[in-house]
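Peer 1: One structure is given below, represented as structure tokens, and several questions about it will come after.
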Amino acid sequence: MRALALGVVLASAAFPAAILAFAASPAAGQVTQFEIDNLRAQQEAAQRRAIDLSNQLTAAEAQRQADQAVRALELQQRLPPRLPTPSPAAQPEAGPPAAAPSVVQIPDALLADSNAKVRAATTPHR
């Protein structure tokens, strides 16, 4: 009997507390400020993870390009230089050798006239 009385007392004490807690909680379907803050924190953490992943991807791509450039330079240094091979169409036809260009001949009178003009242009005028 005593246990039953204790149970009734505890139940009667817990009932108003449950009613107050239910009245203080938001109605079904409403979101608390704590839940909103929690969702915002999760969203910010996800954005930071996305930025970190993007930075890691960019760094990995830059490293790959640098490694590829180093390999290309090493290969270029190991191989002998390749000289371009002329195409058969670009080769001259067999025939007499081309004549060497002759030295340009300028008449003495023309050189003397040019020399006089240069001296006249460079002497100070009084």
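Peer 1: Kindly write out, for segment 29-42 in residue order, the coupling ³J(HN,Hα) from the Karplus curve 6.51 cos²θ - 1.76 cosθ + 1.60 (θ = phi - 60°), rounded to whole Hz, with x marking Gly and Pro.
Peer 2: x, 8, 10, 7, 4, 4, 5, 5, 4, 5, 5, 4, 4, 5
Peer 1: Also: Expressed in nm to one decimal, what extension gain is obtained for the pair Leu75 and Thr123 from 0.36 nm per residue of sequence separation less their Cα-Cα distance?
Peer 2: My answer for the length gained is 11.0 nm.
Peer 1: When all protein chains stay in place, what accessible area (Å², nearest 10, 1.4 Å probe) is found for Arg71?
Peer 2: Roughly 140 Å² of Arg71 is accessible to a 1.4 Å probe.
The values are calculated or read from the model by the stated rules, or taken from the named source; none is laboratory data. Just so it is clear, the structure is predicted and the values come from calculations on it, not from any experiment. Only protein heavy atoms, including side chains, enter the accessible area calculation; ligands, DNA and RNA are left aside. Shrake-Rupley method; radii C 1.70, N 1.55, O 1.52, S 1.80 Å.
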